[in-house]
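The values are calculated or read from the model by the stated rules, or taken from the named source; none is laboratory data. In this text the structure is predicted, and so the values were computed from the model without any measurement. Neighbour counts run over all protein chains shown; Cβ positions are idealised from the backbone, glycine included.
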2 protein chains.
Amino acid sequence: MPAPSIDVLRNLATQLRIDSVRSTSAAGSGHPTTCLSAADIVAALFFAEMRFDPHDPQHPEADRFVLSKGHGAPLLYAAWAAAGAFPREDLLRLRQLGSDLEGHPTPRLPFVDVATGSLGQGLCAAVGIALNARRIKSDYRTYALLGDGESAEGAVWEAAQAAAFHQLDNLCAITDVNGYGQSRATQWRHDAGAFVSRWMAFGWHVVSIDGHDIKAILDALAEGRRTAGRPTMIVAVTHKGKGVSLFENKDGWHGKPLKKGPETDAAIAELEAQYIQTADPPPSIPFPARRASEPPLPDFVTAAPAPSYQIGAMVATREAYGKALAALGALDRRVVALDADVKNSTYSEIFERQFPERFYQMFIAEQVMIGAAMGLASRGALPFPSTFACFLERASDFIRMAGISNVNIKMAGSHAGVSIGEDGPSQMALEDLALMRAVPNCTVLYPCDAVSAERLVAVAAATPGPVYLRTTRPKTPVLYDGSEMFPAGGSKTLRQGERDVATVVAAGITVFEALEAYDTLAAEGRPVRVIDAYSIQPIDRQALVAAARETGGRLITVEDHYVQGGLGDAVSAAVSEHGYRVCRLGIREIPRSGPPDALIDRYGISARAIVDAVRACV
Amino acid sequence: MPAPSIDVLRNLATQLRIDSVRSTSAAGSGHPTTCLSAADIVAALFFAEMRFDPHDPQHPEADRFVLSKGHGAPLLYAAWAAAGAFPREDLLRLRQLGSDLEGHPTPRLPFVDVATGSLGQGLCAAVGIALNARRIKSDYRTYALLGDGESAEGAVWEAAQAAAFHQLDNLCAITDVNGYGQSRATQWRHDAGAFVSRWMAFGWHVVSIDGHDIKAILDALAEGRRTAGRPTMIVAVTHKGKGVSLFENKDGWHGKPLKKGPETDAAIAELEAQYIQTADPPPSIPFPARRASEPPLPDFVTAAPAPSYQIGAMVATREAYGKALAALGALDRRVVALDADVKNSTYSEIFERQFPERFYQMFIAEQVMIGAAMGLASRGALPFPSTFACFLERASDFIRMAGISNVNIKMAGSHAGVSIGEDGPSQMALEDLALMRAVPNCTVLYPCDAVSAERLVAVAAATPGPVYLRTTRPKTPVLYDGSEMFPAGGSKTLRQGERDVATVVAAGITVFEALEAYDTLAAEGRPVRVIDAYSIQPIDRQALVAAARETGGRLITVEDHYVQGGLGDAVSAAVSEHGYRVCRLGIREIPRSGPPDALIDRYGISARAIVDAVRACV
């Protein structure tokens, strides 16, 4: 098929501009000027560069497009409508409740891989999408459109270096240098050189062009396709609001639609006058090559080998994590791992040793680690990104967007809590459960021993959507038999009697404190029920309510986490409509360096603290 | 005073190496190799470059040093001991419980401005410390020592561009290019050029040196001092573990102390042999110039002008925030504001118009915005960084470290909740309360109207430590008289009667839904108590317990936030030992774009939902 003529592409760009103005005016909100600066770039990409099937946007061989500047959503929607994915008139339902054409793109739309709209994230996802092409041995290409303003986000530079390190020559990004942010001119205005030097320094091939020159755009894209061994950045200087004289290249128009009526009508008339008379044939989008779709994932929970540990053996849950992950890797080639230069602490190195081609080292750059995992997951991989739990928080905003995207990522955070000891508070995750619980579709798992850790890795793989698995630094004794199963939403009752005076709900390292407290309390005639709440979200409401009912309505939660937002709040939420009393033991101040056991006691989550709490409440 | 000789500085570097080995061996943990690579740099900085008083490290005119590679803490401690700040033998208490010589530096130590140990943050704080010198018209200089591995963090590049944009020629950073990360060689190994080209592209003056050549280090520091209009980066190539042949320039030695006994003894003997015989005089550290210390801060709560709004007038809390912030700015020159290119949405532009020299535009780079605010606060400024609440989450890990640092930063997050409407979920903060509550020393405030917003801005200024203020996009009616006061930890009971059947606890936008629900319920003979919980942390436990006791032990919480980690959990924690029932209304799924009122109803936090909940529980 011949490539469409420049005139045809210019007319398509005009159409995208008209649709962007019309839909934002109809919605009464949105970002028309952001759309207009990039219309020529998107027209060239969609109608003369990318291979895809508008009616099967998730085709595994289709080229991918990530709109990192997510507020340009109306332009994206206009492009897919122009490609035939849905009727153009649907664009007028932009931003209406019930329409999937939301203010910023989400994967509720079949042609969106990951949600964007939190700026500076799109290129991180694109890195993962490009890594996925290598994984499935496909030659699909990945394109990402960035705004100039969002280039201030550090995450963009994490993506830049990760793409260069992994030599992603199947990745081509375009920066729309329109010169304006939301509240003022960007710090670089139209200085293309500032972008060129940065991207070159980060190891990219760089092309600098006039972003309204269709021919230049096509040439630059072709140059990117020809470039081997490194990704390509096209620095495209544009005018914000291009084509509408009222706001073209003017400050103060960010995020402002034109008023319905004469203002909009005049803009559309001005744009319509830009159509070029041509008899050239319309574009014909090349379809991707055929490819057999991947089979369903195996049932990881039943397929994973049973853990084989001696009861009482001392094994760190983080080490069991690494072992179990490698076992999953043997079950399916879609299982991949990412790490942030701590593979010897998270034990993801066990996976790397067995599957080096499916292990992605992202160095100390947690945002691109999670972003790339989102991209990989959006294309069918099953990524396990891991680092210290506290450093996962560096990627909080990505995790928030992973929730909105509902991608299948399995985050593993090691070294949680004061039990890490001497390294001190900067290395202790004490708010990670709060963070992860606040992603409403995130499953939160927290094993206490090696058996539950191994089982929960398989559960994570088998559970759709984002999953967080929290592991511990010190070794803990193996508590469970290898045949035991740990479904999400379940719990284990470890001590139970008819005269239990209260229920102690623990998780992770505190399970062992609770068991020790049980011995003391039982000896003094105050037996307690002990529950291992290994599934923090969803939590085992039924078991908790039953236990509280049978133990005088008294629950004591104990967690190696700040007392806010973690196990205590989760348990309390589960039982609070019944009016049971919940006494929360958890960390209540910024801790210090010290030996793990001393810290566990000092901050009130030791067996002694549990015994005191039970005595006080009974 | 003459500068110390090179031989003296080399001997000091040897002493720092010996102390770093000895203290980590005594502790049985820590990162000796990380210390040894940077010992020459730190010796030169402390004993031939910086002006400071070891016995008054917080002197306002003293040069500042930020150890961004916080795991090099033993080196930092050794340097301060060598300078005379405390006895050298104290170094052997490294990492012991009760010693302030923790695993990573915290401001529990008088010579530490901000906690480090989460990599990639130090330069962001240094930007704020350097901005502070300009604020107080001081010529103190700010130094930051970075690791090469941490240069992978995007936050480093946010700091790079902010320092260049603000032309911070009083800032000099050094990158210790020792070639190794934790788990492997860095992606750049000893390629100094990779660093030089990046920092130059980001607008810095760059000097590349052998980081073990004391003369070269001194010359580079002098070159930095002479450089006008831009910050200086010294790229210093070093050997990790320098001076100890067992681990010098070898992989696999990160974070591993030498074994006590022969291994440590041999290393110390090897280092001691590196002392040079010299009769040159010991160093004499130049003291900073005298300066009157700043007066105490005013009592902002009483000094701030009373809000002047008509009851019932429609005003957005974010706009009241901007107005109140400008009023505080007039009260004290230490009040400064930072924003991330949304000043026209957060209304920090009102402050900028009045005090442009105290307004720092950080563009779309929330990590350096919070990091710079931490640095400013550590030097006596009272910074108010603001952006959309959801984008503050980009800086979650910085906020975590701000808690550990206990710095006086006042974070303002606008556009919280589904009430933003059509922009969709990526722009809605629905987990910010969970995040901020999980910083145990963070005060969390959430005004519902313009009067409480103005008052709470003053309360934020007057409350020590980190404070978070959550504001709303839509206008809300003014509810309170301008004379009303809103102390942290308080609440307002808005509806109260003797026959109240339940208590509805609301905050922010849901206060108005609760009041509307009250009208419906009162009309049907089911009056409820209505509480405005404007202080989420600390929360008004006493008022909540009393209200619950007087209204049948029934509490209904309603919040424009996910149901996890926010108001409902805070209220539940406050009353749970009493066994009252708490019914939580909050967002339970990822929301969509739509009109604010429609979203509030659809996601179950409207007056209708409250009425239903009260009917169901009574």
Residue in region B:557-579 that is more than 31 Å from the chain's Cα centre (by Cα), buried (at least 18 other Cβ atoms within 10 Å of the Cβ) and more than 8 Å from chain A (Cβ to nearest Cβ) present: no
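I'm trying to understand the selection: among the residues of region B:533-547, which are without any contact (Cβ under 8 Å) to a residue 40 or more places away in the chain and of a type in the set (V, I, T)? Lay out the reasoning, then the answer.
To start, the set of residues in region B:533-547 that are without any contact (Cβ under 8 Å) to a residue 40 or more places away in the chain comprises B:541-542, B:545-546.
The answer is B:V545, and nothing else.
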Filter result (touching a strand residue (DSSP E or B) at 6+ places or on another chain (Cβ under 8 Å) and in a loop (DSSP other than H, G, I, E, B)) within region A:53-78: A:D63, A:S68, A:K69
Among the numbered conditions (1) more than 9 Å from chain A (Cβ to nearest Cβ); (2) within 21 Å of A:D569 (Cα to Cα), tell me where B:V614 comes up short. (2)
Restricting to region B:329-386, and then to whatever is part of a loop (DSSP other than H, G, I, E, B) and of a type in the set (D, E, K, R), can you tell me which residue is farthest from B:F300 (Cα to Cα)? B:D341
Please state which one of A:A450, A:A543 is crowded, with 24+ Cβ neighbours inside 10 Å and either within 27 Å of A:G403 (Cα to Cα) or among the small types (G, A, S) (or both). A:A450
Name the helices (runs of 4 or more DSSP H) wholly within region A:411-529 that hold at least 2 residues that are on the phi < 0 side of the Ramachandran plot and within 14 Å of chain B (Cβ to nearest Cβ)? A:432-437
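When you look at A:E550, is it among the charged types (D, E, K, R), in contact (Cβ under 8 Å) with a residue 24 or more places away in the chain and under 14 Å from A:A609 (Cα atoms), yes or no? Talk me through it step by step, then tell me what you get.
On the way: among the charged types (D, E, K, R): yes; in contact (Cβ under 8 Å) with a residue 24 or more places away in the chain: yes; under 14 Å from A:A609 (Cα atoms): no.
In short, no.
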Test: A:S396 is surrounded by 24 or more Cβ atoms within 10 Å (Cβ to Cβ) and assigned to a helix (DSSP H, G or I): yes
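Within region B:192-205, can you find the residues that are away from every other protein chain (no Cβ under 11 Å) and without any contact (Cβ under 8 Å) to a residue 40 or more places away in the chain? Break it down into steps so the answer makes sense when it comes.
Applying the first criterion (away from every other protein chain (no Cβ under 11 Å)) to region B:192-205 yields B:192, B:204-205.
Within region B:192-205, just B:H205 meets the criteria.
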So for region A:98-107 (the condition being closer than 22 Å to A:A13 by Cβ and touching a Pro at 6+ places or on another chain (Cβ under 7 Å)), does at least one residue qualify? no
Limited to region B:30-44, what total is found for residues that are touching a Pro at 6+ places or on another chain (Cβ under 6 Å) and not in a helix (DSSP H, G or I)? 1
Just to check your reading of the model, which residue among A:M369, A:M374 is under 18 Å from B:L119 (Cα atoms) and buried (at least 24 other Cβ atoms within 10 Å of the Cβ)? A:M369
Just need a number here: residues in region B:298-320 that are part of a helix (DSSP H, G or I) and of a type in the set (V, I, T). 3
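Between B:P474, B:P464, B:P425, which is buried (at least 24 other Cβ atoms within 10 Å of the Cβ) and either over 22 Å from the mean Cα position of the chain (by Cα) or under 25 Å from B:A340 (Cα atoms) (or both)? First the steps, then the outcome.
Values: B:P474 fails: buried (at least 24 other Cβ atoms within 10 Å of the Cβ); B:P464 fails: buried (at least 24 other Cβ atoms within 10 Å of the Cβ).
That would be B:P425, the only listed residue that is buried (at least 24 other Cβ atoms within 10 Å of the Cβ) and either over 22 Å from the mean Cα position of the chain (by Cα) or under 25 Å from B:A340 (Cα atoms) (or both).
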Confirm whether B:P527 is in contact with a Gly (Cβ under 7 Å, 6 or more places away or on another chain), surrounded by fewer than 24 Cβ atoms within 10 Å (Cβ to Cβ), more than 23 Å from B:E393 (Cβ to Cβ) and not β-branched (V, I, T). yes
Here the residues within region B:112-132 that are within 12 Å of chain A (Cβ to nearest Cβ) and either assigned to a helix (DSSP H, G or I) or at pLDDT below 95 (or both) are B:G122, B:L123, B:C124
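With the requirement that a residue be in contact (Cβ under 8 Å) with a residue 40 or more places away in the chain and surrounded by 13 or more Cβ atoms within 10 Å (Cβ to Cβ), what does region A:264-275 give you? Don't jump to the end; show me each part of the working.
The initial filter retains those residues of region A:264-275 that are in contact (Cβ under 8 Å) with a residue 40 or more places away in the chain, namely A:264, A:267-268, A:271-272, A:274-275.
Of everything in region A:264-275, those that are in contact (Cβ under 8 Å) with a residue 40 or more places away in the chain and surrounded by 13 or more Cβ atoms within 10 Å (Cβ to Cβ) turn out to be A:T264, A:A267, A:I268, A:L271, A:Q274, A:Y275.
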Which residue out of A:S151, A:S183, A:S99 is of a type outside the set (F, W, Y), assigned to a helix (DSSP H, G or I) and at the interface with another protein chain (Cβ under 10 Å from one of its Cβ atoms)? A:S151
Within region B:102-111, can you find the residues that are within 14 Å of A:G424 (Cβ to Cβ) and either touching a residue at least 40 places away in the same chain (Cβ under 8 Å) or within 10 Å of another protein chain (Cβ to nearest Cβ) (or both)? B:E102, B:G103, B:H104, B:P105, B:T106, B:P107, B:R108
Would you please name the residue that is farthest from B:E270 (Cα to Cα), looking only at residues in region B:18-36 that are aliphatic (A, V, I, L, M) and more than 14 Å from chain A (Cβ to nearest Cβ)? B:L36
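Can you find a residue in region A:207-221 that is in a helix (DSSP H, G or I) and over 23 Å from A:R141 (Cα atoms)? Before the answer, list the steps.
The initial filter retains those residues of region A:207-221 that are in a helix (DSSP H, G or I), namely A:214-221.
Subset that is over 23 Å from A:R141 (Cα atoms): none.
No, the conditions are met nowhere in region A:207-221.
Quick test for you: out of B:P2, B:P32, pick the one residue that is within 12 Å of B:L76 (Cα to Cα) and not aliphatic (A, V, I, L, M).
Numbers: B:P2 fails: within 12 Å of B:L76 (Cα to Cα).
Being within 12 Å of B:L76 (Cα to Cα) and not aliphatic (A, V, I, L, M) holds for just one of B:P2, B:P32, which is B:P32.
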Could you figure out which of (1) under 27 Å from B:V418 (Cα atoms); (2) out of contact with any Ser or Thr (no Cβ under 6 Å at 6 or more places or on another chain); (3) in contact (Cβ under 8 Å) with a residue 60 or more places away in the chain; (4) assigned to a helix (DSSP H, G or I) isn't true of B:G403? (1)
Only residues that are under 22 Å from B:V177 (Cα atoms) and in contact with an Asp or Glu (Cβ under 8 Å, 6 or more places away or on another chain): list them for region B:51-70, please. B:R64, B:V66, B:S68, B:K69
Go through region B:586-618 and give me each residue that's in contact (Cβ under 8 Å) with a residue 40 or more places away in the chain, touching a strand residue (DSSP E or B) at 6+ places or on another chain (Cβ under 8 Å) and not hydroxyl-bearing (S, T, Y). B:I587, B:I600, B:I605, B:A609, B:I610, B:A613, B:V614, B:C617, B:V618
Considering only residues that are crowded, with 21+ Cβ neighbours inside 10 Å and either under 12 Å from B:T476 (Cβ atoms) or among the charged types (D, E, K, R) (or both), which ones fall in region B:324-339? B:R334, B:D339
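Which of the residues belonging to region B:303-329 are of a type in the set (V, I, T) and either within 23 Å of the chain's Cα centre (by Cα) or within 21 Å of B:M411 (Cα to Cα) (or both)?
Step one: filter region B:303-329 for residues of a type in the set (V, I, T), giving B:311, B:315, B:317.
Correct list: B:V315, B:T317.
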